[in-house]
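Undergrad: My questions all concern the structure below.
The values are calculated or read from the model by the stated rules, or taken from the named source; none is laboratory data. Model, not experiment: these values are computed from the prediction. Glycine also receives a Cβ, built like all others from the backbone with ideal geometry; neighbour counts cover every protein chain displayed. We work out accessible area using only protein heavy atoms, side chains counted, and drop any ligands, DNA or RNA first. Shrake-Rupley method; radii C 1.70, N 1.55, O 1.52, S 1.80 Å.
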Amino acid sequence: MEDSLHSSTPTSLQHLLDHREGTEREQHGANTKPHKKLALLPLVFLIYFEVAGGPYGEEPAVGAAGPLIAILGFVVFPFIWSIPEALLTAELATTFPGNGGFVIWANEAFGPFWGSLMGFWKFYSGVINLASYPVLCIDYLKLVIPALSSGSPRFVSIILSTCTLSFLNYSGLAIVGYTAVALGVVSLLPFVLLSLFSLPKIDPSRWLSWGQEGVERDWTLYFNTIFWNLNFWDSASTLAGEVEEPHRTFPKALLSAGLLTCLGYIIPLLAATGAMPLDQKSWVGGYFADVAEIIAGKWLKFWMEVGAVLSIIGLFEAQLSSAAFQLLGMADLGFLPRIFGERSRWFNTPWMAILVSTVIAISMCLLSFTDIISTVNFLYSLGMLLEFAAFLRLRRKFPALKRPFEVPLGFSGLVLMCLVPSVLLVYVMSVASKIVYVASFFLTSLGIALYYFMNICKSRKWFEFSRVGDKLDEDDYVL
């Protein structure tokens, strides 16, 4: 069967990997050292920053629905959303270990149109999300430097911070991975200390509060907050081609990042809500820093604010890595011109993909944070519905395919596993605003138009494309 994999159509996964290796040799020359693959620990923290980056940002869930419902959300939501998405990612990323991740899955399940549309949906959601991080970073820094609050100093600082962080990403994925480890440890430590200092002051009855009288529940804010804090588990799949032994590393990394994320959310939330009398309207973004000052002193508040900036840097780096390597994967698959797959001679990173992602993120930085998050959630939901469908389709289409990691459920169990989060996705989409519907419709139409435009470019040879974009033959998978 190994021979058939190597002698099959030029669109097989093996040809895709061979094409990438050949392209890298062509770009780098014979004397260039092979690039270093991602090991387990940096991959764990890259996934962690793709999804969470720490408890920063979970405060509005308490403000929107009260302590009890917020706690239940961060306990229950991982089981109905995070675990199914992580299991799906572990199976498909180890079965199709190439850059492009979910683009490859949709392409194999439903064909190039849906593969391309999946790529554009996820890329849009990724780079729009990317735009929010420098804005948040400057929002924290303006507490120290008031001049950054508005006007040209604010705008220039956002652009400079975006470009500086993008250059770090350009310097190499291994460097970004180990930077993520350091950023994760330093940004989580103040929450560990907050939890320890809170222990003597905790009153468990405060956890059972349904919220203050007279404060209406904001379900849209509640679900958007939890959803935004616990999604993007599949984003690291676009890095699968850069991971050392992905069939072993990916499942371990997803499990470790899942535990770190869930504990990182629930323990500080229990500590803060249990130790503080409820003032529900105060539970907005950044309130953890105020709690830290009340419980431990100004020194912990300062550390937490510094940790917030470091966490935002980690979120930016992880998200940019995913978006850039997704474009590289789409170029490898022939959905985008080959130039998007070109790598730097010095750092082996996809320089054009990083540049394009950075420029789009800068252009989006003037949007409000609320509009950014709502649009990201909507586009991401569209992509995830297609992803669940692709997962089930591939299980049916290739039942004999060797899967290094396989979700231990029959087909009916898999349908149920995907159905519950799909209902949640539809709900999140149904409560979106008119602006979000219009923006999502425009971006979806743009993605469809780009698919057909790329086909015209191929037929007329306006740009050079990799010729590996069709689906795999079914015979390639019979083992």
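Undergrad: Any idea which residue in the stretch 250-259 is nearest to residue 293 (Cα to Cα), counting only those that are of a type in the set (A, V, I, L, M) and surrounded by 19 or more Cβ atoms within 10 Å (Cβ to Cβ)?
TA: 257
Undergrad: Could you go through the stretch 297-306 and let me know if any residue there is over 29 Å from residue 362 (Cα atoms) and small (Gly, Ala, Ser).
TA: Start the filter on the stretch 297-306 by keeping residues that are over 29 Å from residue 362 (Cα atoms), which leaves 297-301.
Filter again for small (Gly, Ala, Ser), leaving 297.
Looking for residues that are over 29 Å from residue 362 (Cα atoms) and small (Gly, Ala, Ser), one finds at least one in the stretch 297-306, hence yes.
Undergrad: Here's another thing I want to ask about it. Within the stretch 132-154, track down each residue that is in contact (Cβ under 8 Å) with a residue 12 or more places away in the chain and either small (Gly, Ala, Ser) or open to solvent by 60 Å² or more (accessible area, probe 1.4 Å) (or both). Write out each step before concluding.
TA: From the stretch 132-154, those in contact (Cβ under 8 Å) with a residue 12 or more places away in the chain are 132-138, 140-143, 154; that's our starting set.
Selection gives 132, 141, 142, 143.
Undergrad: Another question about this same structure. In the set 411, 442, 405, which member is over 19 Å from residue 83 (Cα atoms), of a type outside the set (Asp, Glu) and open to solvent by 30 Å² or more (accessible area, probe 1.4 Å)?
TA: Within the list 411, 442, 405, the selection yields 442.
Undergrad: Just wondering, is there one or more residues in the stretch 35-52 that are modelled with pLDDT under 95, aliphatic (A, V, I, L, M) and open to solvent by 50 Å² or more (accessible area, probe 1.4 Å)?
TA: Scanning the stretch 35-52, I find at least one residue that is modelled with pLDDT under 95, aliphatic (A, V, I, L, M) and open to solvent by 50 Å² or more (accessible area, probe 1.4 Å), so the answer is yes.
Undergrad: Determine, yes or no, whether residue 472 is out of contact with any Lys or Arg (no Cβ under 9 Å at 6 or more places or on another chain), at pLDDT below 90 and of a type in the set (A, V, I, L, M).
TA: When the stated conditions are applied, residue 472 passes them.
Undergrad: While we're looking at this one, here's another question. Would you check if there is a residue in the stretch 360-376 being β-branched (Val, Ile, Thr), touching a residue at least 60 places away in the same chain (Cβ under 8 Å), touching a Gly at 6+ places or on another chain (Cβ under 9 Å) and not in a helix (DSSP H, G or I)?
TA: Taking every residue of the stretch 360-376 in turn, none turns out to be β-branched (Val, Ile, Thr), touching a residue at least 60 places away in the same chain (Cβ under 8 Å), touching a Gly at 6+ places or on another chain (Cβ under 9 Å) and not in a helix (DSSP H, G or I).
Undergrad: If I ask for residues that are at pLDDT 90 or above and either open to solvent by less than 70 Å² (accessible area, probe 1.4 Å) or closer than 16 Å to residue 99 by Cα (or both), which ones from the stretch 350-363 would you list?
TA: Result: 350, 351, 352, 353, 354, 356, 357, 358.
Undergrad: Using beta carbons and a limit of 9 Å, which pairs, at least six apart or on different chains, have the first residue in the stretch 179-200 and within 16 Å of residue 293 (Cβ to Cβ) and the second one in a helix (DSSP H, G or I) and open to solvent by 70 Å² or more (accessible area, probe 1.4 Å)?
TA: Listed by first residue and then by second, the contacts come to 190/303; 191/267; 193/303; 195/267.
Undergrad: How about the stretch 376-402: which of its residues are buried (at least 22 other Cβ atoms within 10 Å of the Cβ) and aromatic (Phe, Trp, Tyr)?
TA: 378, 380, 391
Undergrad: With the requirement that a residue be in a helix (DSSP H, G or I), over 23 Å from residue 436 (Cβ atoms) and open to solvent by less than 10 Å² (accessible area, probe 1.4 Å), what does the stretch 109-131 give you?
TA: Within the stretch 109-131, 109, 115 meet the criteria.
Undergrad: Of everything in the stretch 284-304, what is surrounded by 16 or more Cβ atoms within 10 Å (Cβ to Cβ), under 19 Å from residue 73 (Cα atoms) and in contact with a Pro (Cβ under 7 Å, 6 or more places away or on another chain)? Give them in sequence order.
TA: 285, 288
Undergrad: Right, next: If only one of 323, 331, 272, 308 is in contact (Cβ under 8 Å) with a residue 40 or more places away in the chain, in contact with a Lys or Arg (Cβ under 7 Å, 6 or more places away or on another chain), open to solvent by less than 30 Å² (accessible area, probe 1.4 Å) and in a helix (DSSP H, G or I), which one is it?
TA: Exactly one residue qualifies, and that residue is 331.
Undergrad: So, residue 318, is that one assigned to a helix (DSSP H, G or I), open to solvent by less than 10 Å² (accessible area, probe 1.4 Å) and either closer than 24 Å to residue 177 by Cβ or in contact with a strand residue (DSSP E or B) (Cβ under 8 Å, 6 or more places away or on another chain) (or both) or not?
TA: In short, yes.
Undergrad: So in the stretch 395-425, with the set limited to residues that are in contact (Cβ under 8 Å) with a residue 24 or more places away in the chain and more than 22 Å from residue 251 (Cβ to Cβ), which one is nearest to the chain's Cα centre (by Cα)?
TA: This residue is 425.
Undergrad: Considering only the stretch 422-447, how many residues are small (Gly, Ala, Ser) and closer than 17 Å to residue 387 by Cα? Explain how you work it out, then say what you get.
TA: Residues of the stretch 422-447 that are small (Gly, Ala, Ser), as a first pass: 422, 430, 432-433, 439-440, 445, 447.
Applying the additional criterion that residues be closer than 17 Å to residue 387 by Cα yields 422, 447.
Number of matching residues: 2.
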